[in-house]
Amino acid sequence: ASGQRKFDYDLVVLGGGSGGLACAKEAVEYGARVLCFDYVTPTPAGTKWGVGGTCVNVGCIPKKLMHQASLLGEAVHEAVAYGWNVNDRDIKPNWQKLVKSVQNHIKSVNWVTRVDLRDKQVEYVNSLGYFVDAHTIEYKTKQGATKQLTAQNVVVAVGGRPRYPDIPGAKELGITSDDIFSYEKDPGQTLVVGAGYVGLECACFLKGLGYEPTVMVRSIVLRGFDRQMSELLAAMMTERGIKFLHTTIPTAVERLPNGRLLVNFTNTSNQTKGSEVYDTVLWAIGRKGLIDDLNLAAAGVQTRNDKIIVDGTEATSVPHIYAVGDIIYGRPELTPVAILAGRLLARRLFAGSKQLMDYRDVATTVFTPLEYSCVGMSEEQAIETLGPENVEVFHGYYKPTEFFIPQKSVRHCYLKAVAEVGGEQKILGLHYMGPVAGEVIQGFAAALKSGLTVNTLLNTVGIHPTTAEEFTRLSITKRSGRDPTPAS
Ligand code: FAD
Ligand code: NA7
């Protein structure tokens, strides 16, 4: 009944990132008429990028490529121990060349995304969309005209952007993860402010590429993650030569006549003031949800802090307006979470599905040189939920076979399983620090979601020689007090 349609579109998606694109593309599969807005406001340093959102342009993808570049630098040195004849021992990366390769890949993904949208007949508008009322979205065309369109359903998937501290020089002189992956200058000596996973990952790939990063930590590293694993990770980073300024906050940044950046800071534990000179200052102090441009009040959508409140169906306070991805209050900020939530929402809206997004037990990885991956509860969460007497922790250090020949430090390869004490000893959380952690934990995440127990884990025959097999031979409990370090 096309002539009778009340709205221009069945679905308008605000934000063409991981969640928005997944939702839009799934919705057209079921015959919905879909339009997707995506617009990137340039950073204070002037960086901008194409369609696809954070993950593709300034998140997961360039981060993983730079992580890989840094691991390869390490591998070249190890290759010598393995008998490779590497003639030029002064092995150095070329930052500009790396950035170009990374950006070329991103541009190809932008291109494929646009072609995909065209093929699937998702209408794409490269403008900032905002509400006029609960069913009407307004935007400006490239020519400056103001246009409006109506939608039966709206999905807000606008994601977030890095925060800047409110101190002199922050925006003018500092950069963020939005700039670093396309940064034209060698970053040089870099101060990374913030010790969440973004800050640690950036510091690690910079170190691997030969720069001298310092991480400024306001309170603790990796708030929200398992404490023991986080401390182990920081110790591993320190051992690799990454400097930490603990309990320190920046107070001002100024440019010196020689072009370098003078950062003033205060150590909050003893109130001493200090300063240091760097080539680059990278803010990694968390992200802000992009609600300011949306005019949400006109639609009646409720927010908390800078995020949108949704129920178990991703519906906001206005029933036909939904939100998915990083913009949702209180959910994991990860690409696969945004994608699955977007896809399931489209199926519920247009294919009669009832399946809800399950935000529990989402696995994640911190891409530091020895990677850290986990799924389920941290040791602290388990103890808080069940009480210390009801939690058993199996743990062990291990030596990856491939570490022996280059005589790599094995002290930080560690894993643990957090389990219930009684009954079938259900596993509540798995934590792993070592090579290719994400690849190791992904399969175990499916097992954990299926109700994995200690018995099943220990009855699983490992694949030898891998690092993942260590999970099948965890025998030492923390409670036993036995040394979890292997004998040789
Ligand atoms: P986004 O992907 O941010 O997309 C939102 C889009 O909407 C953006 O393009 C934005 O410009 C646009 N937009 C905003 N407002 C409007 C508007 N009013 N109108 C039109 N368009 C608008 N996740 C992982 O799973 N693994 C990782 O390894 C990982 N690494 C990361 C590394 C970094 C450095 C960062 C910053 C993030 C990383 N993430 C990672 C997180 C991941 O990128 C996000 O969780 C994911 O991109 C969120 O998707 P989204 O759809 O919610 O939003
Ligand atoms: P996070 O995980 O929010 O981490 C931000 C880090 O920056 C954290 O260590 C904070 O310390 C620190 N921080 C925050 N504000 C400041 C100021 N003003 N000065 C100095 N240091 C500060 O953000 P990420 O960008 O790493 O990750 C983004 C999201 O992805 C995150 O929300 C996760 O859910 C997933 P604190 O511990 O608060 O003292």
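The values are calculated or read from the model by the stated rules, or taken from the named source; none is laboratory data. Quick caveat, the model's predicted, so the values are computed rather than measured. Backbone-built Cβ (ideal geometry, glycine too); neighbour counts: all protein chains shown. Side chains are part of the model used for accessible areas, which takes the heavy atoms of the whole protein and leaves out ligands, DNA and RNA. Shrake-Rupley method; radii C 1.70, N 1.55, O 1.52, S 1.80 Å.
For segment 97-231, what class follows from the C-alpha gyration tensor (a ≥ b ≥ c being the square roots of its eigenvalues): rounded when a/c is under 1.5, otherwise prolate if a/b is larger than b/c, else oblate? Working shown, then result.
Working: a/c = 2.16, a/b = 1.75, b/c = 1.23.
Prolate.
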Placing +1 on the Cβ of each Lys and Arg and -1 on the Cβ of each Asp and Glu in segment 344-451, which of GLY438, ASN390, LEU345 has its Cα farthest towards the positive end of the resulting dipole? LEU345
In degrees from 0 to 90, rounded to the nearest 10, what is the angle of the helix 60-81 Cα long axis to the longest principal axis of the chain? 20
Mean Cα-pair separation over length for segment 188-292, i.e. relative contact order, pairs under 8 Å, 6 or more apart, %: 31
Over segment 50-155, relative contact order from alpha-carbon pairs under 8 Å, at least 6 apart, %: 20
Search the structure for amide H atoms under 5 Å from the amide H of SER353, placed 1.01 Å from N in the peptide plane, and list their residues when 5 or more places away or on another chain. ARG348
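Here is the link list: LYS48/LYS142; LYS107/LYS185; LYS6/LYS140; LYS107/LYS449; LYS92/LYS171; LYS97/LYS207. Which ones come out longer than 25 Å on Cα distance? Intermediate values should be presented prior to the final figure.
Working: LYS48/LYS142 16 Å; LYS107/LYS185 20 Å; LYS6/LYS140 23 Å; LYS107/LYS449 36 Å; LYS92/LYS171 31 Å; LYS97/LYS207 17 Å.
Correct reply: LYS107/LYS449; LYS92/LYS171.
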Sequence order, segment 198-209: Karplus ³J(HN,Hα) from phi using 6.51 cos²θ - 1.76 cosθ + 1.60, θ = phi - 60°, Hz rounded, Gly and Pro as x, gives 5, x, 5, 5, 5, 4, 5, 6, 5, 4, x, 8
Helix-only CD estimate at 222 nm, as mean residue ellipticity for the chain, using -39500 (n - 2.57) per DSSP H run (n ≥ 4): -9000 deg cm²/dmol
From the residues GLY330, THR485, VAL154, which one has its Cα farthest along the dipole of the chain in the positive direction, the dipole being from +1 and -1 charges on Cβ of Lys/Arg and Asp/Glu about the Cα centre? VAL154
Can you tell me the 0 to 90 degree angle between the C-alpha axis of helix 335-350 and the longest principal axis of the chain, rounded to 10? 30
Arranged from highest to lowest average of other beta-carbon atoms within 10 Å per residue, in what order do the peptides 14-27, 171-184 appear? 14-27, 171-184
Nearest 10, in degrees from 0 to 90: the angle of helix 437-449 to the longest Cα principal axis of the chain is 70
For the chain, share of DSSP beta bridges that run antiparallel, in % to the nearest 5: 65
Calc'd 3J(HN,Hα), segment 385-393, phi into Karplus 6.51 cos²θ - 1.76 cosθ + 1.60 (θ = phi - 60°), Hz, glycine/Pro = x, comes to 6, 9, x, x, 6, 9, 10, 10, 10
Classify the chain as rounded, prolate or oblate from the Cα gyration tensor: take a ≥ b ≥ c as the square roots of its eigenvalues, call it rounded if a/c is under 1.5, otherwise prolate when a/b beats b/c and oblate if not. oblate
Cα lying deepest toward the dipole's positive end in the chain, options ILE175, SER108, LEU206, charges on Cβ: SER108
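Need one number: % antiparallel among DSSP beta bridges in segment 87-235, to the nearest 5. Don't skip to the answer; put the middle values down first.
Values: 8 of 12 bridges.
Antiparallel bridges make up about 65 percent of those DSSP assigns within segment 87-235.
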Once phi for every residue in segment 402-413 is put through the Karplus expression 6.51 cos²θ - 1.76 cosθ + 1.60 (θ = phi - 60°), the whole-Hz ³J(HN,Hα) values, with Gly and Pro written as x, are 5, 7, 5, 4, x, 6, 7, 4, 10, 5, 9, 7
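Might you report the magnitude of the Cβ-based charge dipole of the chain about its Cα centre, with Lys and Arg at +1 and Asp and Glu at -1, to the nearest 20 debye?
Working: 51 positive and 50 negative charges, 134 e Å.
It works out to roughly 640 debye.
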Relative contact order as a percentage, segment 77-231, C-alpha pairs under 8 Å and 6+ apart, gives 17
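Can you classify segment 324-453 as rounded, prolate or oblate using the Cα gyration tensor, where a ≥ b ≥ c are the square roots of its eigenvalues, rounded means a/c under 1.5, and otherwise it's prolate if a/b beats b/c and oblate if not? Don't skip to the end; give the middle numbers.
Numbers: a/c = 2.48, a/b = 1.47, b/c = 1.68.
Here segment 324-453 falls in the oblate category.
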How much of GLU276 can a 1.4 Å solvent probe reach, expressed as accessible area in Å² and rounded to 10? 90
Would you grab the residues whose amide H sits under 5 Å from the one on PHE244? Only those 5+ places off in sequence or on another chain, please, with H modelled 1.01 Å from N. VAL215
